[in-house]
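The values are calculated or read from the model by the stated rules, or taken from the named source; none is laboratory data. For clarity, every value in this text was computed on a predicted model and none was experimentally measured. All Cβ positions, even for glycine, are placed from backbone atoms using ideal geometry, and neighbour counts span all protein chains on display. Please note that ligands, DNA and RNA were not included when accessible areas were found on the heavy atoms of the full protein model with its side chains. Shrake-Rupley method; radii C 1.70, N 1.55, O 1.52, S 1.80 Å.
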Amino acid sequence: MVLSIKNLEIIDETYYCDGEPVTDFTVEFLGHLVRWENGIPNSYYKIRIITTTKQKVVMDVSAADMNSVRWIYKIPFAVWCKNKKKFTGMLVTAIKTQLQGIAPIEVIYDRVGFVERNCEWIFLLSNGSISKRGFGFKEHSGIQRYNFLGKVIMEQEERGTQIEEFICLLKQNIEIYYPLFLITLMSVVRLPLRKQGIELGITVWLYGNSGSGKTELAEALAVFTEVNEFGNKELMYATTSKRYILETLSCSKGMPVILDDVKQEKVQGQRDHCRIAVDAVLRGVFQGCLTENYGQKDTSVDTCAVITGEYMETTESQNARLLYKDVSGFLEDKGNSESLRKFQRNSRLLPGIIGDFICWLCMEMEDQDVLDKWKKHYHRGQDEESIYANVPNGARLKANDNMMRFMHYIWMKYITDTGFNNEGLKVEFQRKGEYSIQKIVEDTSLLLGGLEALLVQAMTEVVQTSRIRHAKYRRESLLVCDGCVWQQQEFCLWEEDDFLYIDDIERSWSTKSCEQSADIRGILVIGRDKLLDKMLYVVDNKIKQGVIPEHFLDKVSLGAMARCGLIACSLRDEKQYRYAKYYPCIAPKDEEEIGEYFSDYCNHNLPRNQRRRTVEYKRDMVVQCNLGHSAFAHVLDCMIEDAKEGMLSGVENTEVMSMRRAFSQRKVLLKSVSE
C-alpha cells in the first residue's frame, strides 16, 4: 500500500501538493528491520519505489540515509523530486507514524551461530534461526552461505525414528564417522559453553591417499548447511587466500570450518602458502582467536575445523593441536562406500538431527543447574589421571581426549532426554562411541611420537638388562687352511647371548692378522625373536603399571623400531625393507674327547685326552642395531668378556664368514618418525 503523507495527495503514482506534482514516484512502506553491525543494532526501513513509468524496486534504507537525502540517490533508476529535503522530512514523519507499536519484520545479524538476546539463546543461519521454539525466519544472519534445509521440530515418534536411523549409519564405521560428527557438535556448542569455562576447540585431520573419500566424509558428517539450492557445501581450499581463511574462521561461529585438499604442491610459493593456511586454522581453532587481524573487530574463533589432505607437513606443536585419522582406502571397502552413499542420499538427515539438537540445547542452557553439572563433568575429566602422561605432548593429548568425551556425554544426554527408547541400541552406541574416541586419540598419540619415545625407553631398558658379549679376535688353528685368520665361532651369535658386539667388523673377516681397518666400524646384533620378546615384555610391564595405554603393545614391531632409527634394515625392493637377515648362530651340541694328536697341534696348552665341547651351527634371523642411537649409549658398560670354546660342526669357516659379509652389506637407516 502506498504510504500516505500529510498534506500530499496521490494521483497516478505521483505525490501532489496544492495541485502541483512534487515527485514522479510513490513510496510503499513495507516495514522496518534491524541490522546488527559490529555489535551495534541499526534501524533500516524497507520501502518499495514505484515510478510513473511502472519501474519498481525494493530498498533497505538506513535511518541515517533516510534522515538525509542520500536514499534518493541510491534509487537504481532516474527519479524526479521537486524539493528533496522537504519531501524527505515529510516522508520520515509519515514512516515514524506508521512505526508506532510495530515490531521489526526482520532482525539481521552480521554473524552465524549462537547469540543471546533477552536471556534467550538463538542459533543464526542465513535463512532463519533456531530457538527453543523451533525454526523461524524473522531473525537470521546476513552472511549468505549457511542455509539450513533440515526439519527442526519433529514429533516424538519421528524423532526416535530419525535418531535410530542416524545411529545405525554411524555404527557402520563408527571409528571414522563418529569423531567427525562430534566435531560438528563441538562447533555448534563452542561459543555458549566457552562462556561457562568449557573450552572445546579442536581440529581433526583426515589423512589419506587421493580418492580415499576424505572430502566426501567431511561434507557428509561435518557440514549441515548449504551454500545454495543446489546442495553445494562451504569448503575452503589450502590455496585459498589467508585473509579469506581468517575471515571465515572469525565469522563461522557454530559452523565447522573445512580446509580441503592439502597436498604437496609443485610450486614452492604454493607449498609455503599451504603451510601458512594449515597453521592459521590449527592455531586459530586451538587458541580461540585469529593469529592475524585484517581489520576484523571480532577476532574470536568459536568453531572447530576439519582438514583433509594426502600430504602432511606439520610440526610436533601443530600435531598436538589436532586429532589425526588415516582414512586411506576408505572408499575401496564396499561397506564404507554404501554407508557413505546413504548419508549423501539422505542429505536432510544430518541437518535434522543437528537442528533438533540445537533446539534441545537452547532449552537446556536456560537452566543454570544443568550448566553447572556440565562444568563439573568437564573439569572432573580434566583432573583425572591420564595414561598419556608419559607420551610427548601428553597434556594436550589428554585435553583433546577430554573434549571429545565431554561432547560424547552431551550427545548421549540429548538422546536420553529426547525419549529415545531403544535401550539396547543406546547402550551399544555408548560403548562403541567411547571406543571410537579412544582410537582417534591413540592414532594421534602415535603421530606425536608416543610410540617412538616408548620404543627408545624400552630399548634402553632391554640393553641395560641383557647379556652383551664382546667378540674376541682369537687366531685359528694352523691346521685349518681355509684362509680365515680368526676363529669364526667368536663372531657367531651363541644361544646364551642376548646381544653380540663386534668392535671392528672389517677386521673380523680379514685374511691377514696384521691388517687393521682404516675406518673402524662396530656392529651390535641380536636374534629377531629374542629382541621382540624382550621389547614386548618391557612394554607389557609398563602397561600393567598404568604408565602407557594398552594399544602401544600392538604397535611394537621391527618396522616401528626401524622407523625410529633403533635398528638398521636392508632394501628388498623400491618399496619394501628387510629388518632381519640370516646370520650364523651357534647352539651347544655335545662333548667329545680330544686325542693327543689334536691336542699337540690345535690346542698346545691343553692336557691330553681333555674333553672339549662340540657346537652346532645354524642359521637364524638376526637384527642389526644402530649403535649411533642414544638408546645404545651404554652398550660398552654392559658388555662381558666371554671367550667361546668349541668346534664348529658341519660348516666351514669360509661359509660362516660369507654369511656374515652378506648380513652386513647394504644396511641403511630409515628416518625417524618425528622428522
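Taking the stretch 503-543 on its own, how many of its residues are of a type in the set (S, T, N, Q), at pLDDT below 85 and part of a helix (DSSP H, G or I)?
Selection size over the stretch 503-543: 1.
Being open to solvent by 10 Å² or more (accessible area, probe 1.4 Å), over 18 Å from V262 (Cβ atoms), of a type in the set (A, V, I, L, M, F, W, C) and not in a helix (DSSP H, G or I), is that true of even one residue in the stretch 320-331?
So far as the stretch 320-331 goes, no, none of its residues is open to solvent by 10 Å² or more (accessible area, probe 1.4 Å), over 18 Å from V262 (Cβ atoms), of a type in the set (A, V, I, L, M, F, W, C) and not in a helix (DSSP H, G or I).
Is it the case, given these coordinates, that F224 is under 22 Å from S129 (Cα atoms) and surrounded by fewer than 15 Cβ atoms within 10 Å (Cβ to Cβ)?
no
Under 6 Å between Cβ atoms, which residue pairs at least 6 apart in sequence (or on different chains) link something in the stretch 310-337 that is over 18 Å from P179 (Cα atoms) with a partner that is of a type in the set (K, R)?
Sorted first by the residue in the stretch 310-337, then by its partner, the pairs are E310/K263; Y311/K263.
Just to be sure before I move on: is L566 modelled with pLDDT of 80 or more and open to solvent by 60 Å² or more (accessible area, probe 1.4 Å) in the structure I sent? I'd like the intermediate steps shown before the answer.
Details: modelled with pLDDT of 80 or more: yes; open to solvent by 60 Å² or more (accessible area, probe 1.4 Å): no.
In short, no.
I'm checking my understanding of the structure. Among residues of the stretch 397-450 that are farther than 16 Å from M186 by Cβ and basic (K, R), which one is most open to solvent (accessible area, probe 1.4 Å)?
Ranking the qualifying residues of the stretch 397-450, first place goes to R431.
Could you list all residues from the stretch 235-248 that are part of a loop (DSSP other than H, G, I, E, B) and open to solvent by 10 Å² or more (accessible area, probe 1.4 Å)?
L235, T239, T240, S241
What is the one condition in (1) touching a Leu at 6+ places or on another chain (Cβ under 7 Å); (2) free of Cβ contacts under 8 Å to residues at least 60 places away in the same chain; (3) of a type in the set (S, T, N, Q) that N293 does not satisfy?
Here N293 meets the rest and fails (1).
Applying the selection to the stretch 304-319, what residues are among the hydrophobic types (A, V, I, L, M, F, W, C) and not in a loop (DSSP other than H, G, I, E, B)? Steps first, please.
Just the residues of the stretch 304-319 that are among the hydrophobic types (A, V, I, L, M, F, W, C), to begin with: 304-307, 312.
Passing the criteria: A305, V306, I307.
Can you give me the number of residues within the stretch 170-196 that are aliphatic (A, V, I, L, M), out of contact with any strand residue (DSSP E or B) (no Cβ under 9 Å at 6 or more places or on another chain) and open to solvent by 10 Å² or more (accessible area, probe 1.4 Å)?
Total meeting the criteria: 1.
For the stretch 69-82, state whether one or more residues are touching a Pro at 6+ places or on another chain (Cβ under 9 Å), farther than 28 Å from H140 by Cβ and of a type outside the set (S, T, N, Q). Steps first, answer last, please.
Kept after step one, since they are touching a Pro at 6+ places or on another chain (Cβ under 9 Å), are these residues of the stretch 69-82: 80, 82.
Restricting the remaining residues to those that are farther than 28 Å from H140 by Cβ gives 80, 82.
In the following step, the residues that additionally are of a type outside the set (S, T, N, Q) were identified as 80, 82.
Scanning the stretch 69-82, I find at least one residue that is touching a Pro at 6+ places or on another chain (Cβ under 9 Å), farther than 28 Å from H140 by Cβ and of a type outside the set (S, T, N, Q), so the answer is yes.
Just name the residue that is farthest from the chain's Cα centre (by Cα) out of those in the stretch 426-463 that are of a type in the set (V, I, T) and under 15 Å from L322 (Cβ atoms).
Looking only at the stretch 426-463, we keep the residues that are of a type in the set (V, I, T), and these are 427, 437, 440-441, 444, 456, 460, 462-463.
This time we only want the ones that are under 15 Å from L322 (Cβ atoms), so: 437, 440-441, 444.
Values: I437: 12, I440: 8, V441: 9, T444: 7 Å.
By that ranking, first place goes to I437.
Restricting attention to the stretch 337-396, which residues are under 24 Å from M255 (Cβ atoms), open to solvent by 70 Å² or more (accessible area, probe 1.4 Å) and within 23 Å of the chain's Cα centre (by Cα)?
Within the stretch 337-396, just Q344 meets the criteria.
Considering N232, N127, which residue is open to solvent by 10 Å² or more (accessible area, probe 1.4 Å), modelled with pLDDT under 90 and not hydrophobic (A, V, I, L, M, F, W, C)? Before the answer, list the steps.
Details: N127 fails: modelled with pLDDT under 90.
None of the other options fit; the residue is N232.
Could you say which residue among E199, E216 is part of a helix (DSSP H, G or I) and either farther than 23 Å from R345 by Cβ or not hydrophobic (A, V, I, L, M, F, W, C) (or both)?
E216
Which residues, taken from the stretch 56-93, are farther than 23 Å from N7 by Cβ, open to solvent by 80 Å² or more (accessible area, probe 1.4 Å), assigned to a loop (DSSP other than H, G, I, E, B) and of a type outside the set (A, V, I, L, M)?
Those that are farther than 23 Å from N7 by Cβ, open to solvent by 80 Å² or more (accessible area, probe 1.4 Å), assigned to a loop (DSSP other than H, G, I, E, B) and of a type outside the set (A, V, I, L, M): K74, P76.
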